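Trainee: Here it is: the structure, laid out below.
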Amino acid sequence: MSQEEEETPQTTTSRRTTRLSSSSNPTQNETLKKPITNLPSLTLKNLTFSHNNKPFSYDDLISSLPGRKPQIAEILRLLGPVNSPLSPLFVYGSSSTGKTSTVLQVFKYLNRPFVYSSCRSCYNARQLFDNVLNQIMLHRRSGSNGYSGVKKCEKASDFVNFLKEGLRSVVEGLDGDMVYLVFDSLELVRDWDKSCTILPLLFRLGDVLKVDGVGLVFVSGASIDTYHSDTGFVDPVPVYFPDYMEEDLRQIFMRNQSNLKLRSAFLDVVLKPFCRVTRRLDELSTALSPLYEKYCEPLDDLSVVPNEETKRRLFSCIQPHIAPALNEIFRVKSQQSLEAGGKDDLKRKTSSKKFGTSDSIDDLDFHMSTSAKYLLVSAFLASRNPATLDASFFDSTGGSANQKKKRKSSEKSRDLKEASEQEMFMKGPGTFPLERLLAIFQCITSGLEDSLEEEDGLQGGTGLGGNGGENSLMSDILLQVSSLCSANFITKGGSCPLEGSTRYRSTVSDDLALKVARSLKFPLSKYLYRR
């Protein structure tokens, strides 16, 4: 058996050689063996979208990215006119929120040169360095150069020197115009070897290079607080991408459709229940594509405009498939767990009706002390509200100062308020010092000190008489803050260079904060600036 296996390739090879030698001339064989060298050489135009020769207007930019007009306007404002000095931009948000597409489409609209490198396609620093250098030095891997990179850099210092050399030549070739370095999926660098040195290098790349006409844009799925290290760097300008709203998702799924009426009828019945589970575009696209095929199966003509009877008939075809799709794709609760919890849900609904409360309020699925809940709410307010408005929201007795008579605001003041609200929304949750957190906590719990002290006493605390009780309560609050940081409800960031104190940021979503506030019967909406 082994002898036959050894002889078979030899016989095949000789036959192939005989056929090739008898049926083809030597010049064709040499052509096949030669590497492809007729590819056009790269030029500076390859760093922009101008080589496509397709006009791309502002209306095209807005229509290509539904639901991202505020983020587009913010990025355009930060980039500014041509050759404007640019602080590093940090575009962040959840997965499938259009961060990368928005950044690339903005550069396509502006027609400015940029170098794009995705950390998802690179699994170590050397590949990332090679990718950036090959683009900035207009190098293309091919058979003529052995598919090797333009430079071989083993260390970060080599990368900086080569990058400085390439950037200077590119800027000179562009007559002084700026070139931008875009690093996508930056959160993956944290899993690389020596990430503690690579990340600070990337954030400080502009200061290290010392080359005029270079802009940095970082795209990440995590906030800037997760990148802080002891090496220190100036925080880039954040641009936050929230999850898509249901109407935005509808516009996205309606694009490039031949029969808009049919597609709209399908989205009317499936989009809302799926949006209750997830708003990630990739997950929704994966789930809705097979459902749409099932929806169209009874139709012989896909260009037909469905009437009400047709809509009901098509819905009956996909109705049995909606629940399995939710269970399989998004891993919701099984039917057994739903039936087991049915009695408890019924009791909760009846009790809520007796006391006049809403039955849509869900209880917390984790245990948290009362003081920790108030600290969580205080951190949420400190991150969402400007520090200058604390005095207007809280008075010395812990009540809201909004009860005072307000003067009618002018149109100019309303415009300024809307502009400031939009700016706060684009920046995302803000940071705050520990002193501000404790001040807000003291204001909203000023009438509940006795209950908090009783809770601490039940947990085994010492006596709370006099100053000893205040010190014990304060130490317990500081321990609660530490516990919230450990549980990632609050993130601990870098220290402010002006204040010299550590700053914190709340990572709690609006829904969870509202749920915690409702469990405390705390009127959260009265203290929110944007509500």
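The values are calculated or read from the model by the stated rules, or taken from the named source; none is laboratory data. All values derive from a computational prediction rather than experimental measurement. We place every Cβ from the backbone using ideal geometry, glycine too, and count neighbours over all the protein chains shown. Only protein heavy atoms, including side chains, enter the accessible area calculation; ligands, DNA and RNA are left aside. Shrake-Rupley method; radii C 1.70, N 1.55, O 1.52, S 1.80 Å.
Trainee: Within the stretch 156-198, which residues are of a type in the set (Asp, Glu), open to solvent by 80 Å² or more (accessible area, probe 1.4 Å), in a helix (DSSP H, G or I) and within 27 Å of residue 238 (Cα to Cα)?
Mentor: 191
Trainee: Restricting attention to the stretch 297-318, which residues are under 15 Å from residue 273 (Cβ atoms) and either at pLDDT below 90 or open to solvent by less than 50 Å² (accessible area, probe 1.4 Å) (or both)? Let's see the steps before the verdict.
Mentor: Within the stretch 297-318, the first condition is being under 15 Å from residue 273 (Cβ atoms), and the residues that meet it are 315, 318.
Listed by number, the list holds a single entry, 318.
Trainee: If you scan the stretch 116-148, which residues turn out to be part of a loop (DSSP other than H, G, I, E, B), closer than 27 Å to residue 40 by Cβ and open to solvent by 30 Å² or more (accessible area, probe 1.4 Å)?
Mentor: 121, 137, 138, 139, 140, 141, 146, 147, 148
Trainee: I would also like to ask the following. Got a sec? Which of 208, 234, 239 is aliphatic (A, V, I, L, M), over 20 Å from residue 118 (Cα atoms) and within 23 Å of the chain's Cα centre (by Cα)?
Mentor: One residue alone meets the criteria, 234.
Trainee: For the subset of the stretch 41-64 comprising residues that are aromatic (Phe, Trp, Tyr) and not in a helix (DSSP H, G or I), which member is most open to solvent (accessible area, probe 1.4 Å)?
Mentor: 49
Trainee: Could you tell me whether any residue of the stretch 202-220 is surrounded by fewer than 16 Cβ atoms within 10 Å (Cβ to Cβ), outside any helix (DSSP H, G or I) and in contact with a Leu (Cβ under 9 Å, 6 or more places away or on another chain)?
Mentor: No, there is no match, as no residue in the stretch 202-220 is surrounded by fewer than 16 Cβ atoms within 10 Å (Cβ to Cβ), outside any helix (DSSP H, G or I) and in contact with a Leu (Cβ under 9 Å, 6 or more places away or on another chain).
Trainee: Could you look through the stretch 229-246, keep only residues that are at pLDDT below 90 and open to solvent by 70 Å² or more (accessible area, probe 1.4 Å), and pick out the one that is farthest from residue 202 (Cα to Cα)?
Mentor: Within the stretch 229-246, the match that is farthest from residue 202 (Cα to Cα) is 230.
Trainee: Same structure again: Give me the pairs: first residue in the stretch 250-267 and under 22 Å from residue 300 (Cβ atoms) and open to solvent by 20 Å² or more (accessible area, probe 1.4 Å), second residue assigned to a helix (DSSP H, G or I) and not aliphatic (A, V, I, L, M), beta-carbon distance under 9 Å, and six or more apart or on different chains, which are they?
Mentor: Going by the 9 Å Cβ cut-off, the qualifying pairs are 257/263; 257/264; 263/253; 263/292; 264/250.
Trainee: Condition first: modelled with pLDDT under 85 and not in a helix (DSSP H, G or I). Now tell me which residues in the stretch 474-490 satisfy that.
Mentor: 487, 488
Trainee: Can you name every residue in the stretch 61-108 that is among the hydroxyl-bearing types (Ser, Thr, Tyr) and more than 23 Å from residue 206 (Cβ to Cβ)?
Mentor: Hits for the stretch 61-108 are 63, 64, 94, 95, 96, 97, 101.
Trainee: When only residues in the stretch 65-85 that are farther than 16 Å from residue 245 by Cα and in a helix (DSSP H, G or I) count, which is most open to solvent (accessible area, probe 1.4 Å)?
Mentor: This residue is 77.
To keep it simple, each residue is scored yes or no on (1) under 21 Å from residue 64 (Cα atoms); (2) in contact (Cβ under 8 Å) with a residue 60 or more places away in the chain; (3) open to solvent by less than 70 Å² (accessible area, probe 1.4 Å).
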position: 225; (1), (2), (3): no, yes, yes
position: 277; (1), (2), (3): no, no, yes
position: 280; (1), (2), (3): yes, yes, no
position: 286; (1), (2), (3): yes, no, no
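Trainee: Moving to a separate point now. Quick one: which of 436, 505 is at pLDDT 85 or above, assigned to a strand (DSSP E or B) and surrounded by 12 or more Cβ atoms within 10 Å (Cβ to Cβ)?
Mentor: The conditions single out 505.
Trainee: Quick one: which residue in 96, 101 is in a helix (DSSP H, G or I) and within 30 Å of residue 278 (Cα to Cα)?
Mentor: Values: 96 fails: in a helix (DSSP H, G or I).
That would be 101, the only listed residue that is in a helix (DSSP H, G or I) and within 30 Å of residue 278 (Cα to Cα).
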